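Since the structure comes first, as structure tokens, the remarks are kept for the end.
The values are calculated or read from the model by the stated rules, or taken from the named source; none is laboratory data. Just so it is clear, the structure is predicted and the values come from calculations on it, not from any experiment. Here the Cβ positions follow ideal geometry from the backbone for every residue, glycine too, while neighbour counts run over all protein chains shown. Keep in mind that these areas ignore ligands, DNA and RNA; they rest on the heavy atoms of the full protein, side chains included. Shrake-Rupley method; radii C 1.70, N 1.55, O 1.52, S 1.80 Å.
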Amino acid sequence: MTRFALSRKLLFLIAIMCCLLAALFWLRLRVVDTHDAMISLLEEVKNRTPFENRFLGTADLIKLNQRLESASTLPERVTVLWERAPVELRLGMNDEAIADLKKIQGLISDLKRTLQSKEYQEFEAELYFQLAVASMRKGETDNCVNCQTGESCILPIQGEGIHKQQSGSKQATEYLLEVLGREPEHLTARWLLNVAHMTLGSYPKSVPKEFLIEPSRFESEVPFPHFSNVAASVGLDTFGLAGGAVVDDFDGDGYLDVLASDWNTSAELKYFRNNGDGSITNRSQEAGFKGMYGGLNLRHADYDNDGDLDILVLRGGWMDPETLCANSLLENDGHGAFRDVTFKVGLGDVHYQTQTADWADFDNDGFLDLYIGNENNPNQLFRNTGHRSFVDVAKQAGVDNLRFSKGVSWGDYDNDGYADLYVSNLGGENRLYHNNRNGTFTDVATELQVSEPKHSFPVWFWDFNNDGALDIYVGGYDLDQGIESFVADFLGKPHSADVDHLYQGDGHGKFSNVALEKGVAHVTLPMGSNYGDIDGDGFLDYYLGTGYTSYDALLPNRAFLNHAGERFHDVSMAGGLSHLQKGHGVSIADIDNDGDNDIFIVMGGAFPGDGFSNALFENPGFGNHWLTIKLVGTKTNRSAIGARIKVVVDDHGRKRTIFRWVSSGGSFGGNPLRQQIGIGVADKIDSVEISWPTSKTSQQFDNIQCDQFIEITEGKKEINRLYYPKFKLPTLDESKSKAVPHVHSHK
């Protein structure tokens, strides 16, 4: 062999070695460093936030300060101060914002010469309104945020919810009366005036009669017991901004743990381990969440069928398209410790703004697929290959949507064994994608008349009347009138805003909107939300976290009680569930294993100055029986998402059927995948039937004892009875805790 041939062979071997080394390096990046790659990306997002993020950054304030220094005329100075005050307020600089508005108040008399009389009066009225809003926010910060109790910001405000430091609310009432003196039909000012007097303990006696909202308006439609906010007693009252919530068993010990996120780009994910004795431990660092910043919503499922629950973190919702963001898929090791595998599995090739997604096995191959609804880009349908990897097939499947998606939910609405998909769009018609069972979908929303409301947010499939057919709830989110439309609806006055819709399904592919007759057609402005059986009667109720970004959006979160599928009643006020702060991720779950569902909600708004502490409303109990079922798929996906449960009970000689589909609930917040089923006063369960979508098989078990936890595995003939002792959640007094003021940073 010649020296030249040897050289060529050597070069060839060297080239192969280089390729192998490159491949190994690539594999190492994909397998070992994918978590570190995400941490680095999130660190970059955090570092760029002050300059690029219009919600959390300070760039706008810096520019306005510079403009004010160079303003040479009175109109220019007033304009800059007018623009700067709300920016300061958003950043938590309440005193500075009020000072700027008062400066304008001292200057505007000189503007009378340059403004027409009507323009001047309108500007002056708006100035008084903004002063009122800023003063109320100062009152909230001084009292509810920094010195809160379990009754803080619960409407109607009373008891320990009354403000101790009253200067903010007192100033607000004066400004609001000025507004109403000029515009008596200003509904938002009227609403805030009544709320402000509640915070002062002077409602209703000190509210002028012509502006009074009668106390009867703040009563629930039907009697309902009071739920106590016990978050502070167990350490779940962490302070933050808008975020997601998931409650489920992440370490396999049978007790429901709590996950919470905060969309602040410098706030880490939080993992709270349920110790099963009434105490909860913050294990965020042990869970691997160091540097895992941000997250507006959370969705969970066992994506790899290994028997533990993984987490999808959604980021970038409401942000400008050019703002850097990234979603995360966190893989569970089975013990409540997580590693980011986003880039490894093919979910991180592009980064789009989103806050909504849902898991389902749309092709019935036994592996969970993932649909992500994006806001300024095409939606994504990631097909699970079964090898811990995903491929985006949205375009060829016909579900890329190309509208501003705010909520997505899977459900087999026509009972053909395949999951269909509803997409809620803000400012455009909604979609109902029918699964063609060949990897493609057809939008039938217009044909089936389920495309409204035009302005909508959360959505979910559920069976609210236990007829075995899936129905659809879609929350209206019309911000054109904002809180004005809510107040009009609350007072029974006419308005033109989009209301919540409830589409009742017939199980054969047809729907009818029954929102009005079922008592659901209200202006609620929901964001985070979820459904669950709160009173244990076997019918699904729901809870809405409400609001929008502005500080005048002081409207209550809402709880609606399902009366036998015939009508929903608002029980927010009687239940102590009408929290005034902005509500996001909602989880309805039996955290203390006592057979009734508690409510966990992540509180807080979009801006740094609108933070609040999360709430846990403990269910006082209704004396009803229950059954908790955990399903384990073998041919069907391990999480059993999409499986149907049919429970037949003997209600003192009357047979009654209860249906559930396995899912994590609504589109903004996650319930446990194990199903908590209330059976009311029935003391006997005749049968439990499970329908598995992938194997297309069913299992029936007869004569089941109530008030227990059971596990049913696909294909197994025996029930596995689980033993999870109940425990008591301590009250604030019992835990001997004290409300610790939260320090508000304005850096």
Item to check | Thr634 long-range amide H proximity, modeled H, under 5 Å | outcome: Glu714
Next on the checklist: Just to confirm my numbers, what's the Cα centroid distance between segment 658-682 and segment 416-473 in Å?
Outcome noted: 19
Checklist outcome for this item: Net charge (Lys, Arg +1; Asp, Glu -1) of residues whose beta-carbon lies under 10 Å from that of Leu56, Leu56 excluded, is +2
Item to check | Cα-based Rg of segment 529-681 normalised by 2.2 N^0.38 Å, two decimals | outcome: 1.12
Checklist outcome for this item: Of the listed pairs Lys209/Lys518; Lys102/Lys170; Lys395/Lys582; Lys63/Lys290; Lys344/Lys395; Lys270/Lys635, those with alpha carbons more than 24 Å apart are Lys209/Lys518; Lys395/Lys582; Lys63/Lys290; Lys270/Lys635
Item to check | Overall Cα dimensions of segment 450-514, principal axis frame, Å, largest first | outcome: 39, 20, 15
Checklist entry - Where the only charges are on Cβ atoms (+1 Lys, Arg; -1 Asp, Glu), what is the dipole of segment 206-248 about its Cα centre, to the nearest 20 debye? => result 100
Checklist outcome for this item: Taking every C-alpha to C-alpha distance in the chain and binning by 20 Å from 0, the per-bin percentages run 17, 50, 27, 6, 1, 0
Checklist entry - By Kyte-Doolittle mean hydropathy of at least 1.0 and Cα axial length of at least 24 Å, which whole DSSP H helices of the chain are selected? => result 3-31
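Students often check this: by mean Cβ neighbours within 10 Å, which of 205-217, 544-556 ranks highest, and how do the rest follow? Walk me through the intermediate numbers first.
Working: 205-217: 12.2, 544-556: 23.4.
So the peptides 205-217, 544-556, ranked by packing, come out 544-556, 205-217.
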Item to check | Kirkwood Rh, angstrom, segment 177-241 [1 / mean 1/r, Cα pairs] | outcome: 14.6
Checklist entry - What order do you get for 273-281, 58-66 when each peptide is scored by the mean count of other beta carbon atoms within 10 Å, highest first? => result 273-281, 58-66
Item to check | Expected-Rg normalisation [2.2 N^0.38 Å, Cα atoms] applied to segment 559-602 | outcome: 1.29
Next on the checklist: Of all beta bridges DSSP finds with both residues in the chain, what is the antiparallel percent, to the nearest 5?
Outcome noted: 95
Checklist entry - Taking the Cα centre of the chain as the origin and placing charges on Cβ (Lys, Arg +1; Asp, Glu -1), which of Asn143, Phe382, Asn703 is farthest toward the positive end of the dipole? => result Phe382
Next on the checklist: Report the Cα centroid-to-centroid distance between segment 528-568 and segment 617-654 in angstrom, as an integer.
Outcome noted: 20
Item to check | segment 435-555: translational diffusion in µm²/s, Stokes-Einstein, Kirkwood Rh over Cα pairs, 25 °C, 0.890 mPa s | outcome: 157
Checklist entry - Roughly how many Å² of His434 are accessible to a 1.4 Å probe, to the nearest 10? => result 40
Checklist entry - Using only the Cα atoms, what convex hull volume per residue in Å³ does segment 258-395 have? => result 110
Checklist outcome for this item: Of the residues Asn332, Ala445, Val247, the Cα lying farthest along the dipole of the chain towards its positive end, which is defined by charges on the beta carbon of Lys, Arg, Asp and Glu, belongs to Asn332
Next on the checklist: Quick check for me: using +1 on Lys/Arg Cβ and -1 on Asp/Glu Cβ, what's the dipole size of segment 515-639 about its Cα centre, in debye to the nearest 20?
Outcome noted: 520
Item to check | Shape parameters for segment 606-651, alpha-carbon atoms, Rg then Dmax in Å | outcome: 19.0, 53
Checklist entry - Which whole number in µm²/s is D for segment 128-261 by Stokes-Einstein, with the Kirkwood Rh taken over Cα pairs at 37 °C and 0.692 mPa s? => result 194
Item to check | Listed residue (Leu479, Asn305, Gly348) projecting farthest to the positive dipole end of the chain, Cβ model | outcome: Gly348
Checklist entry - Expressed as a whole number of Å, what is the distance separating the alpha-carbon centroids of segment 59-127 and segment 223-284? => result 41
Item to check | Charge dipole magnitude, Cβ of K and R +1, D and E -1 - segment 679-729, Cα centre, debye nearest 20 | outcome: 200
